[in-house]
Structures are given as structure tokens and as C-alpha cells.
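What follows is a single structure, written as C-alpha cells, with notes after it.
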Amino acid sequence: MKQFETEHYLFHYGTDTRAEADIAQIASRQEACFRYICDVLHLTPDFKIEYFLCDSPEEVGRIYGDNEPCNGFASPPSTIYAVYNENVQCIGFHEDAHLISYTLNRPDCPAIREGLAMYFDRKWWGIQNWDWAGYYQKAGLYLPVDRLLDKDFFFSQDAAITYPIMGAFTDWLIATYGMDAFLRLYQKQDIPAAVAEVYHKTPEALNQAFTDYLRLFKTDAALEARMKDLFGK
């Protein structure tokens, strides 16, 4: 594979691929994402992030070594495997936010980890996390945050529901109580217990406050129809 190196990244990509054609733009975008994540989290990793840009999910699995097709994932401490082709371009904030935040801690709670990554992503399928959370609430598909904090429950649910909900919840939590409080939570391993310690509320009470806030906003009818079409329900 060819290589392209920048201040904070080392990119690997194939010859005559879309990634090769776009590598300068990819590098510029990721450097911008890196700077923003570091500024927000007050963290600066002491390593370069190594990206393997692949033509297909199958190539991701082959290069990683487990032969499991995947569009993109972060492999701590410093490696990201991502599909980059004409139709799928799995770059941006998400995986980088994982690796950078893991220099602080990797809490044993996927909902908190994915919530932070989605906080930086802002969108799922091109639509704001907030809009998805409100749509799921209205459609009776909303999953309570206090239940999503359970690892087994989180992994048993559709990521199209869990990721935007946790992204919106994390956004609300940070906007309401501040980033410093969230980072204190993020440094804990037993997240449900840490919620009471940091926020002086139970997970159930925080979920109730979040859903009460969601109900204050209406969803545009055209956007709601688009979300229904995308999600299929």
C-alpha cells in the first residue's frame, strides 16, 4: 500500500483507488477533525493516528486480519480501518474521537463511548442526532438512556437507534452540565454509579429530563417523512 504522512496521521491506501485520488483532501479533513476533537476534549495524543483506507468492507476485514466485513472501526491505541470508495467514505470525526478520547480512558460502557463519538459526528445518515431522537420518541421507538447504559442491552439493539439517541443525549448532557463534568464521568468505569456521583441524579432521572427536553421541539413533516423512509418504520 502507498503512504501519505501529515503532522498527526499516517495514511495507507491502494494504487489507483478513490482514496489515492482524494488523499490530500482526506488528510486535510482529518487534520481539521483532529484539531477540533483535541480542542474540545483538552487532549493531545502522543502518537500519530494510522489510517488504512480500503476499497471495501471485505478488504477492511482482510487487512485487519479477522476477515469480518466492516465499513470502519478504531483499533486502539492508534489505528483506524475504514472503507473509502465511490459510495462509502468512512472518514470524519467518529473513529478519531474514539482513539483520542481513549487516551483519557476507555469506559466499559459502549453507550458512553459511542455517544461521545456521535456528539462529534452530529449526524446519522445526514440527519441531526436531535431529529432522530425526537423521531424515535414520537414513533414509539425511543430506547431509554438508563437502559442503554447496560452493555448487553446496547449491543442487542439497532445501531440506527442507539447511536443517534446517545449522540443527542451526550450533546444535551454537555450543553446542560458542561464538558468538565462529562469528562469526569468518562474517566469512570462503572458509569451508572458514576452518573449519581457526577450529576447527583439517577440515570433514570437524567433520561426523564432529556426526554422532557426533546418534547419541546417539533419535527418538520418533510424531514420526518424522510426519516421514516430511511429507517423503514
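Would you work out which of 111, 85, 60 lies farthest towards the positive end of the dipole of the chain? Charges go on Cβ: Lys and Arg +1, Asp and Glu -1.
In the chain, that residue is 111.
Based solely on its DSSP helices, what 222 nm [θ] is calculated for the chain when runs of n ≥ 4 H residues each add -39,500 (n - 2.57) and the sum is averaged over all residues, nearest 500 deg cm²/dmol?
Computed ellipticity for the chain at 222 nm equals -17000 deg cm²/dmol.
Give, rounded to the nearest 20 debye, the magnitude of the charge dipole that the chain has about its Cα centre when Lys and Arg contribute +1 at Cβ and Asp and Glu contribute -1 at Cβ.
Values: 21 positive and 34 negative charges, 145 e Å.
Charge dipole of the chain: 700 debye, to the nearest 20.
Once a ≥ b ≥ c are taken as the square roots of the eigenvalues of the Cα gyration tensor of the range 38-149, is the result rounded (a/c under 1.5), prolate (a/b larger than b/c) or oblate (a/b not larger than b/c)?
Oblate is the answer for the range 38-149, as a/c is 1.5 or above yet b/c matches or exceeds a/b.
What ranking of 44, 103, 170 emerges when the number of other C-beta atoms within 10 Å of each C-beta is taken as an exposure proxy, fewest first?
44, 103, 170
If each residue's Cβ is checked for other Cβ atoms within 10 Å, how do 156, 101, 75 rank with the fewest at the top?
Placing the least packed residue first, the sequence is 156, 75, 101.
Go through 100, 45, 217 and say which Cα lies farthest out towards the positive end of the charge dipole of the chain; charges sit on Cβ, +1 for Lys and Arg, -1 for Asp and Glu.
About the Cα centre, the residue reaching furthest to the positive side is 217.
Given the peptides 59-70, 85-96, arrange them by the average over their residues of other C-beta atoms within 10 Å, most packed first. Present the calculation step by step, with values, prior to reporting the outcome.
On the way: 59-70: 14.5, 85-96: 17.9.
Going from most to least packed, we get 85-96, 59-70.
Please find, in a Gaussian network model of the chain (springs between Cα atoms separated by less than 10 Å), the residue of 193, 117, 27 whose mean-square fluctuation is greatest.
Its mean-square fluctuation being the largest, the pick is 193.
For the range 76-93, what does the Karplus curve 6.51 cos²θ - 1.76 cosθ + 1.60, with θ = phi - 60°, yield as ³J(HN,Hα) per residue in whole Hz, taken in order and with x for Gly and Pro?
These are the phi-based 3J(HN,Hα) values: x, x, 8, 10, 10, 10, 8, 6, 9, 9, 4, 9, 10, 10, 8, 10, x, 7 Hz.
7 Å from Cα along Cα→Cβ at both residue 187 and residue 48: what's the point-to-point distance in nm?
Once both label points are built, they end up 3.1 nm from each other.
Lys and Arg at +1, Asp and Glu at -1: add these up for the other residues within a Cβ distance under 9 Å of residue 207 and post the number.
So the environment of residue 207 carries a net charge of -1.
Dividing the Cα convex hull volume of the range 2-101 by residue count, how many Å³ per residue is that?
Values: hull volume 8.6 nm³, N = 100.
About 86 Å³ per residue, rounded to a whole number.
What does the C-alpha gyration tensor say about the overall shape of the range 110-231? Classify as rounded when a/c is under 1.5, otherwise prolate if a/b is larger than b/c, or oblate. Spell out each step's value before the answer.
Details: a/c = 1.83, a/b = 1.65, b/c = 1.11.
Cα axes put the range 110-231 in the prolate bin.
What is the sum of charges around residue 6, taking Lys and Arg as +1, Asp and Glu as -1, for the other residues whose C-beta is under 9 Å from the C-beta of residue 6?
Working: positive: 48; negative: 5, 7, 31.
That sum, taken over residues with Cβ under 9 Å, equals -2.
Tell me whether the range 90-143 comes out rounded, prolate or oblate; compute the Cα gyration tensor, take square roots of the eigenvalues as a ≥ b ≥ c, and use a/c under 1.5 as the rounded threshold.
Note, shape of the range 90-143 comes out oblate.
Run the numbers for residue 228 and residue 3: contour at 0.36 nm per residue of separation, minus the present Cα-Cα distance, in nm.
Gain on stretching residue 228 to residue 3: 76.9 nm.
Calculate, in nm to one decimal, what residue 176 and residue 215 gain on full extension: separation in residues at 0.36 nm each, minus their alpha carbon distance.
Full-extension gain reported as 12.4 nm.
Any read-out appearing in this document is the output of simple, stated calculations on the displayed coordinates, not a laboratory observation. For clarity, every value in this text was computed on a predicted model and none was experimentally measured. As a convention, Cβ positions derive from the backbone with ideal geometry for all residues, glycine included, and neighbour counts pool all protein chains shown.
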